[in-house]
Amino acid sequence: MNKKVYFKFLVLLLPLLLLWGCSSGQKDNSSTMPASYREALQNAKGKTVTYYGFGGNDAQNRWVDEVVTPMMKKKGITVKRVPMDIDTIINKLTTEKEANKQTGNMDVLWINGENFYNAKKLSLLDTIKPSLIPNMKYMSKNDQDTKTDMGTKIENQEIPYGNAQFVLIGNKEMFNGDYPTSAKKLLAWAKENPGKLTYVAPPDFTGSAFVRNIIYETVGFDKLDKAPATKEGIYKVIKPALDYLNELKPYLWQKGQNYPKTTAQMDKMFADGQIAMDFSYNQMYVATQKQAGLFDDKAETFLFDNGMIGNYSYLAIPKTAPNKSAAVVLINTMLSPEAQTKRLDAKYGATVSPYSSAKMPQNMKQKLDDSVETNNTVPANELAKKRLPEVSGKKIPIIEQLWKEHVLNDK
Amino acid sequence: MKNLLNNIWTFIFCALIVIPLIVIFLLAIGSSWNYPDILPQQLEFQNLIKMLFTNSELIHSLTQSILLSLGTIILTLAIAYPTAILLAHYDFFGKKVINLLVYLPLIIPSIALLTNLDFVMIKFSLNGSFVGVVIAHTLFYLPYAIKLLMDNFEQNGNAFESVSKNLGANNWQTFWNVTFPMSKSGLQGAILMTYVVSMTQYLATLLVGDGKFLTLSVRMFPFTTAGKYKIAAIYAFTFLIVTLIPLFLIDKYIIRNRRRG
């Protein structure tokens, strides 16, 4: 009898043993921020660094796997790329903080905008001194996007990673090479050619950017920037833009009763010649689409004269990163001229570097200018000249809601 | 007349199931599929074959998916089997409440459940571990497994066990020679259900697994949300194959068994 009780007790203990085996704690100096880049390199040797970011962009994934990972390997560091959307990442980091966990799993995050605002508010991110990232010398402290991220002060909590700017793409034949370079011209063209324009319905990221760009055209950035982040406040300011979109509506594809749901759908309609204009939040989009065989030489990039919205994406290191030295090395490697120049290839998604256009190395500039010739993109300095900042991340969902109420549901 | 109507219904149901499958297959192999063509203009199998056989990510994810579902099946059955026997054959105080509580993991919104589960896992340092992910998965499949096994036990009744014990068999002998063989079809159902749902589980693997377990569905999901349907379709296709083959095998096995019995 005694034996039986003893046995039962052991069986009950078994799961606890399992638990104990899993929580082997290990501590070394790699989970603290290094003092210098050289120290980071030394500490990081032989370590594995994890990169958490959106995994649905296969070109970006390829860039990390084929360009960044081998470069890191040479420094003795293994990179592990984890496809996780930023909402889940923030969710996880918040839970970790609530559970008072000191060391997590994520070393480097791909982040921007509203998610950065949330992460900063909850103080989830560690401070990265600019001196730790030598390749920041290619960026300018005076560029708007190195100071604020959609209205949130950066204060060294994230490092610029990529440069995105909203561009319009026109069908050369349908526009006869004469592109509508303002909202006014666009409306006039639509009235002459009904059914040939449309835009992706917000809250799609790109469609939402288009609506904001129209707001900039009709009322200007400053007014929207100063408007209080309430529904009434914004409605009062953007009313002219909503009126504009309603005036445009009957001349849209299917008389504005339907909107494409995804950019992929809109790209397809553009490629098939159903609509004359497409747009993208990537300056080099035409190049990537041509590479993929979807667009042909008819597709040309153009801008509104008053400017187009642009923003940066960023890299950040969470406070709970297990390997901060390796994280610093990964960020610096991703920002190196070698990696950033390769990143301009269409097969890697043709992402423009966050370098200041004045400090850009010659071969990178050359590559951008070549693309103007071959892919009908817009040169870097012109993009920089016609660049408008993003509004605060808090206002974006409000604008999307107002669009839905006053444009989509307005019969 | 009734026969014809039945045939039409069967046809509609088949179409509802088969057409989406065909679309997935065409998405995976078709190229230049543009409006207004109903079918893709070119078919290329290289892409699919290349992805299936040379993509190390795919093979790696597949192993992870299968290992996780095997672990989950073992843990699910270990909990569900005794619970089902208890609920089917014994009367006790609070049975009705427990009967309802079994469904709780399916009733609570999974994101709320998982965020808190993640919290607990972090407290126990189980997050990112194989055991942790298996536990999270198990939570979601217990309702299915318990229900399937319970129905089976209720159908069989426990008269056979009484007979066996009456004839002098001890508890172990009764279990191995009577209860267990008789519950086979319920077990098979529970295993299949757990396997299929475990293969498709996305959020639990990602959240509790800390992104360390890159299963097929974890890799597939971002592509579908980004509108990269071709890549997603290739993953979906692989997914279908690895889910259907065991299903087919077990199903065949059951049918053969039944004919013999």
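Go through the range A:75-101 and give me each residue that's under 19 Å from residue A:325 (Cβ atoms) and away from every other protein chain (no Cβ under 11 Å).
Once the filter is applied, which keeps residues that are under 19 Å from residue A:325 (Cβ atoms) and away from every other protein chain (no Cβ under 11 Å), the range A:75-101 yields A:75, A:76, A:77, A:78, A:79.
If residue B:179 satisfies all but one of (1) within 30 Å of residue A:280 (Cα to Cα); (2) touching an Asp or Glu at 6+ places or on another chain (Cβ under 7 Å), what's the number of the condition it fails?
Unmet condition: (1).
Residue-by-condition table, conditions (1) closer than 20 Å to residue A:281 by Cα; (2) of a type in the set (Val, Ile, Thr); (3) touching a strand residue (DSSP E or B) at 6+ places or on another chain (Cβ under 9 Å):
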| site | (1), (2), (3) |
| --- | --- |
| A:66 | no, no, no |
| A:86 | yes, yes, yes |
| A:101 | no, no, no |
| A:113 | yes, no, yes |
| A:145 | yes, no, yes |
| A:171 | yes, no, yes |
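Pairs needed: first member in the range A:39-64, facing chain B (nearest Cβ under 10 Å) and free of Cβ contacts under 8 Å to residues at least 12 places away in the same chain; second member anywhere, surrounded by 17 or more Cβ atoms within 10 Å (Cβ to Cβ) and part of a helix (DSSP H, G or I); C-beta distance under 9 Å; at least 6 residues apart or different chains.
That search, which allows pairs on different chains as well, returns A:58/B:223; A:58/B:231.
Going through the range B:98-139 one residue at a time, which ones are surrounded by 22 or more Cβ atoms within 10 Å (Cβ to Cβ) and not aliphatic (A, V, I, L, M)?
Answer for the range B:98-139, where residues must be surrounded by 22 or more Cβ atoms within 10 Å (Cβ to Cβ) and not aliphatic (A, V, I, L, M): B:118, B:127, B:129, B:132, B:137, B:138.
Which fully enclosed helices (runs of 4 or more DSSP H) of the range A:158-219 have 1 or more residues being free of Cβ contacts under 8 Å to residues at least 24 places away in the same chain?
A:183-192
All but one of (1) more than 27 Å from residue A:386 (Cα to Cα); (2) among the polar types (S, T, N, Q); (3) not in a helix (DSSP H, G or I) hold for residue A:332, so report the exception by its number.
For residue A:332, the failing item is (3).
Going through A:299, A:321 one at a time, which residue ends up being touching a helix residue (DSSP H, G or I) at 6+ places or on another chain (Cβ under 7 Å) and under 24 Å from residue A:109 (Cα atoms)?
Just one listed residue meets the conditions, A:321.
How about the range B:191-226: which of its residues are within 14 Å of chain A (Cβ to nearest Cβ), farther than 26 Å from residue A:263 by Cβ and assigned to a helix (DSSP H, G or I)?
Hits for the range B:191-226 are B:204, B:205, B:207, B:208.
If you check residue A:318 against the conditions, is it within 14 Å of chain B (Cβ to nearest Cβ) and buried (at least 24 other Cβ atoms within 10 Å of the Cβ)?
yes
So residue A:131 fits all but one of (1) in contact with a Gly (Cβ under 7 Å, 6 or more places away or on another chain); (2) more than 14 Å from chain B (Cβ to nearest Cβ); what number is the exception?
For residue A:131, the exception is condition (1).
Please identify the pairs in which a residue from the range B:1-24 that is surrounded by 10 or more Cβ atoms within 10 Å (Cβ to Cβ) has its Cβ atom under 7 Å from the Cβ atom of a residue that is of a type in the set (Phe, Trp, Tyr), counting only partners at least 6 apart or on another chain.
Final answer for the pair search is B:24/B:237.
Looking at B:188, B:173 in this structure, which one is surrounded by fewer than 16 Cβ atoms within 10 Å (Cβ to Cβ), more than 14 Å from chain A (Cβ to nearest Cβ) and assigned to a helix (DSSP H, G or I)? Please lay out each step first, then the result.
Numbers: B:188 fails: surrounded by fewer than 16 Cβ atoms within 10 Å (Cβ to Cβ).
Within the list B:188, B:173, the selection yields B:173.
Hey, among the residues in the range A:43-61 that are in contact with a helix residue (DSSP H, G or I) (Cβ under 8 Å, 6 or more places away or on another chain) and at pLDDT 90 or above, which one's surrounded by the fewest Cβ atoms within 10 Å (Cβ to Cβ)?
Checking each candidate, the answer is A:48.
Hey, can you tell me all the residues within the range A:231-258 that are within 14 Å of another protein chain (Cβ to nearest Cβ) and either without any contact (Cβ under 8 Å) to a residue 24 or more places away in the chain or over 19 Å from residue A:172 (Cα atoms) (or both)?
A:254, A:258
One line per residue, one yes/no per condition, for (1) without any contact (Cβ under 8 Å) to a residue 40 or more places away in the chain; (2) surrounded by fewer than 23 Cβ atoms within 10 Å (Cβ to Cβ):
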position	(1), (2)
B:202	yes, yes
B:210	no, no
B:214	no, yes
B:218	no, no
B:242	no, yes
B:246	no, yes
B:249	yes, yes
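Residue by residue, here is whether (1) among the hydrophobic types (A, V, I, L, M, F, W, C); (2) modelled with pLDDT of 65 or more; (3) buried (at least 17 other Cβ atoms within 10 Å of the Cβ) holds:
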position	(1), (2), (3)
A:2	no, no, no
A:16	yes, no, no
A:22	yes, no, no
A:25	no, no, no
A:40	yes, yes, yes
A:67	yes, yes, yes
A:73	no, yes, no
A:83	no, yes, yes
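So, residue A:228, is that one touching a residue at least 60 places away in the same chain (Cβ under 8 Å) and assigned to a loop (DSSP other than H, G, I, E, B) or not?
Numbers: touching a residue at least 60 places away in the same chain (Cβ under 8 Å): no; assigned to a loop (DSSP other than H, G, I, E, B): yes.
When the stated conditions are applied, residue A:228 does not pass them.
Search the range A:259-304 for residues being among the β-branched types (Val, Ile, Thr) and within 13 Å of chain B (Cβ to nearest Cβ), and hand back the single one that is nearest to residue A:186 (Cα to Cα).
A:275
Suppose we keep only residues that are within 25 Å of residue A:160 (Cα to Cα) and more than 9 Å from every other protein chain (Cβ to nearest Cβ) within the range A:102-112. Which one would you say is surrounded by the fewest Cβ atoms within 10 Å (Cβ to Cβ)?
For the range A:102-112, the residue satisfying everything is A:103.
Select, from A:218, A:230, A:262, A:288, the only residue that is within 19 Å of residue A:182 (Cα to Cα) and either out of contact with any strand residue (DSSP E or B) (no Cβ under 7 Å at 6 or more places or on another chain) or crowded, with 20+ Cβ neighbours inside 10 Å (or both).
Exactly one residue qualifies, and that residue is A:218.
Looking only at the range B:121-146, which residues are more than 7 Å from every other protein chain (Cβ to nearest Cβ) and not in a helix (DSSP H, G or I)?
The one that is more than 7 Å from every other protein chain (Cβ to nearest Cβ) and not in a helix (DSSP H, G or I): B:127.
The values are calculated or read from the model by the stated rules, or taken from the named source; none is laboratory data. This one's a predicted model, so the numbers in the text were calculated from it and none came from an experiment. Neighbour counts are summed over all protein chains in view; Cβ atoms, including those assigned to glycine, are modelled from backbone coordinates with ideal geometry.
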